[in-house]
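Written below as structure tokens is the structure these notes are about.
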Amino acid sequence: LVSAAKAVEEVVPTLSTWGGSWKLIENKIEGNNAIVKIEVPVVVFTDDLQVTIATQENSEFVKLDVRSNSRVGKSDFGENRRHVVQILDALDKKLKAK
């Protein structure tokens, strides 16, 4: 759990979108969960991304729940989906390297 949260924390500053670099807002562990909150700049707007990491009972594996939300507007033209794919790809690369 802690190593997965640390991996998210480490990849966030390496990611960027149209508006600039991603910013880690919060990384906290609550019981069997870790919640990582991220701000993602998109041109003149900011999107919110949250990664929830949960341990699986009697398992060495963790479950990731990644959510990206726009703060304003009715349509995001697929940007939130791209945020989710971008962080999952970055985590995949980082964790495969270990």
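The values are calculated or read from the model by the stated rules, or taken from the named source; none is laboratory data. These numbers come from a predicted model, not from an experiment. Please note: Cβ atoms are built from the backbone with ideal geometry, for glycine as well, and neighbour counts cover all protein chains shown. Heads up: the accessible areas ignore ligands, DNA and RNA and are worked out on the full protein's heavy atoms, side chains in. Shrake-Rupley method; radii C 1.70, N 1.55, O 1.52, S 1.80 Å.
Taking the options Lys23, Lys93, name whichever one is open to solvent by 50 Å² or more (accessible area, probe 1.4 Å) and more than 13 Å from the chain's Cα centre (by Cα).
Lys93
Mind checking which residues of the stretch 9-20 are in contact with a strand residue (DSSP E or B) (Cβ under 9 Å, 6 or more places away or on another chain), open to solvent by 50 Å² or more (accessible area, probe 1.4 Å) and not in a strand (DSSP E or B)?
Glu9, Pro13, Thr14, Trp18, listed by residue number.
Does Thr52 meet the test of being at pLDDT 95 or above and either assigned to a strand (DSSP E or B) or surrounded by 12 or more Cβ atoms within 10 Å (Cβ to Cβ) (or both)?
So Thr52 fits the description; yes.
Considering only residues that are open to solvent by less than 60 Å² (accessible area, probe 1.4 Å) and of a type outside the set (Gly, Ala, Ser), which ones fall in the stretch 63-80?
Listed by number, the residues that qualify are Asp65, Val66, Asp76, Glu79, Asn80.
Is there a residue being modelled with pLDDT under 90 and either exposed (fewer than 12 other Cβ atoms within 10 Å of the Cβ) or closer than 13 Å to Ile87 by Cα (or both) anywhere in the stretch 38-45?
yes
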